[in-house]
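Student: Take this structure, written in structure tokens, and hold onto it; I'll ask about it next.
The values are calculated or read from the model by the stated rules, or taken from the named source; none is laboratory data. Please read all numbers here as calculations on a predicted model, not as lab measurements. Cβ placement follows ideal geometry from the backbone for every residue including glycine, while neighbour counts extend to all protein chains displayed. The protein model used for the area step is the full one, side chains on, heavy atoms only, and it has no ligands, DNA or RNA in it. Shrake-Rupley method; radii C 1.70, N 1.55, O 1.52, S 1.80 Å.
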Amino acid sequence: MRKTLGWLLSLVVLIGTMGAAGSTAQAATAAEPAAATDIKDQILGIPGMSLIEEKPYPGYRFFVLNYEQPVDHRQPWKGTFKQRLTLLHKDVSRPSVFFTSGYNVNTSPRRSEPTTIVDGNQVSLEYRFFTPSRPDPANWSNLDIWQAASDQHRIFTALKKIYKKNWLATGGSKGGMTATYYERFYPRDMDGVVAYVAPNDVVNNEDSAYDRFFARVGTKECRDRLNAVQREALVRREPLEAKYAVAAAENGWTFTTVGNLDKAYEAVVLDYVWAFWQYSLLADCASVPDARAASDQEIWDTIDAISGFSAYADQGLETYTPYYYQAGTQLGSPDIKLPHLKGLSRYGYQPPRNFVPRDIPMTFQPGVMADVDKWVRNNADRMLFVYGQNDPWGAEPFHLGYGVRDSYVMIAPGANHGANVAKLMDGEKALATAKILQWAGVAPAAALADAGRAAPLAAPDAQLDQRDLEREPQLRP
């Protein structure tokens, strides 16, 4: 009996020892770090994601990618298209910034201002219907702000599984509009929004704000100088249009979409004053020629440098067809009075319909921008809007109502369409920087205690931080 009991006790001890040994082995195995999956493999493991190319950049991984998206997010079974995006990868432990220009994506490594401030990753998305991110065949009714916001939501949902820290949405001009619309339709996705120079055309046929802007921007001397050049370009229409015809023949420009060379010429000339304030500074007025003494060539050169005579040729319009389509269906477009051109302007500001091929149907939806405006006024939460004092597009900005939370509108003094946080007055710059850091979840204790001590976390990089500000006619924000 004792012998049997002793054998049983020995067996129990042996089993316990084996179990303990097994547990120890399992614990040791669990404690050993698994081989980390390369970030490229993690990204390409997302269903529908494919690699176009990887480009080296010090301190980062930079990927140019395609992501398969539904043509219509409401009816995803009706086909897909490939949407191009880039990913500037810093580290999965850092916050991420979702950037869009609202147009084509830049396939070179770039870093938006919020990305520099938070020292994070950046996803940059090409807007749907800008080639090559265009469905084929293209049903243009699927190009609207909700579909574009849904593109962003779907990509964010996929990447959030890898980049789990805080996310911010940002963009400038039409990209700032895009970031705002994304927040309106998917307010739970982002931890903050930084929208730069974002126009807000609530009522499309009420544009008196632009007339008031052009009556007071800069100085009277500068305004008169610009208006005189613009007027002179129409007074000299015949000789300057002859030069335009020669340039068109040399460059292969055609004018089927806008209708004819005369309409294109006037559209370029009418852009002149707007484009000057959009891209230049008050100090640049000194370079504007004296219209009374200028030669035809000098008038041509200044109009071409500021507005660009290729802009309304078919070849110049083609890239921006998706924008003009949206301007004529949802976004709206400005139409200002031009009293100094009375008797000279034949067409006035032409509507977006004139810049979209006639085989693409367009119907304006007047309630879309009013809906966004109302939502922002009542529901903005952790949103920052930055405008330039001398930027025409800031004449109709977003406004904040009493129901908003932790949201701000700031204006950079003397700045144009390139306004950003760095150009704000010191107090607002510090506050904006502190808020961006806070929303991203990376604010140092010093910045939390005193916004005046907030500063960008990433070191400046001339290549990454350059802003690709295209010189576009006034109808393109």
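Student: Can you say whether residue 265 is of a type in the set (Phe, Trp, Tyr), in contact with a helix residue (DSSP H, G or I) (Cβ under 6 Å, 6 or more places away or on another chain) and either in a helix (DSSP H, G or I) or open to solvent by 60 Å² or more (accessible area, probe 1.4 Å) (or both), as far as the supplied structure shows?
Tutor: yes
Student: Residues that are open to solvent by less than 10 Å² (accessible area, probe 1.4 Å) and closer than 22 Å to residue 173 by Cα: list the helices (runs of 4 or more DSSP H) wholly contained in segment 360-477 that include at least 1 such residues.
Tutor: 368-379, 426-439
Student: Tally up the residues in segment 186-237 that are in contact with a Gly (Cβ under 9 Å, 6 or more places away or on another chain) and open to solvent by 30 Å² or more (accessible area, probe 1.4 Å), please.
Tutor: Of the residues in that region, 5 qualify.
Student: Let me ask something else about it. Which condition number does residue 303 fail, the rest of (1) surrounded by fewer than 20 Cβ atoms within 10 Å (Cβ to Cβ); (2) of a type in the set (A, V, I, L, M, F, W, C); (3) touching a residue at least 60 places away in the same chain (Cβ under 8 Å) being met?
Tutor: Every condition holds for residue 303 apart from (1).
Student: Within segment 177-192, how many residues are touching a Leu at 6+ places or on another chain (Cβ under 8 Å) and within 17 Å of residue 164 (Cα to Cα)?
Tutor: Total satisfying the criteria: 3.
Student: For segment 212-240, what are the residues that are within 12 Å of residue 299 (Cβ to Cβ) and either within 35 Å of the chain's Cα centre (by Cα) or not aliphatic (A, V, I, L, M) (or both)?
Tutor: 228, 229, 230, 231, 232, 233, 234, 236, 237, 239
Student: Restricting to segment 216-227, give me the number of residues that are in contact with a helix residue (DSSP H, G or I) (Cβ under 8 Å, 6 or more places away or on another chain) and closer than 15 Å to residue 340 by Cα.
Tutor: Count: 6.
Student: Kindly provide the set of residues from segment 329-343 that are outside any helix (DSSP H, G or I) and out of contact with any Asp or Glu (no Cβ under 6 Å at 6 or more places or on another chain), ordered by number.
Tutor: The answer is 333, 338, 342, 343.
Student: With respect to residue 155, is the statement that it is over 25 Å from residue 362 (Cα atoms), in contact with a helix residue (DSSP H, G or I) (Cβ under 7 Å, 6 or more places away or on another chain), modelled with pLDDT of 95 or more and surrounded by fewer than 24 Cβ atoms within 10 Å (Cβ to Cβ) true?
Tutor: No; evaluated as a whole, the condition is false for this residue.
Student: Under the condition of being in contact with a helix residue (DSSP H, G or I) (Cβ under 7 Å, 6 or more places away or on another chain) and free of Cβ contacts under 8 Å to residues at least 60 places away in the same chain, which residue from segment 238-255 is surrounded by the most Cβ atoms within 10 Å (Cβ to Cβ)?
Tutor: 255
Student: Looking at segment 241-251 only, could you name the residues that are within 34 Å of the chain's Cα centre (by Cα) and closer than 23 Å to residue 352 by Cα?
Tutor: Correct list: 244, 248.
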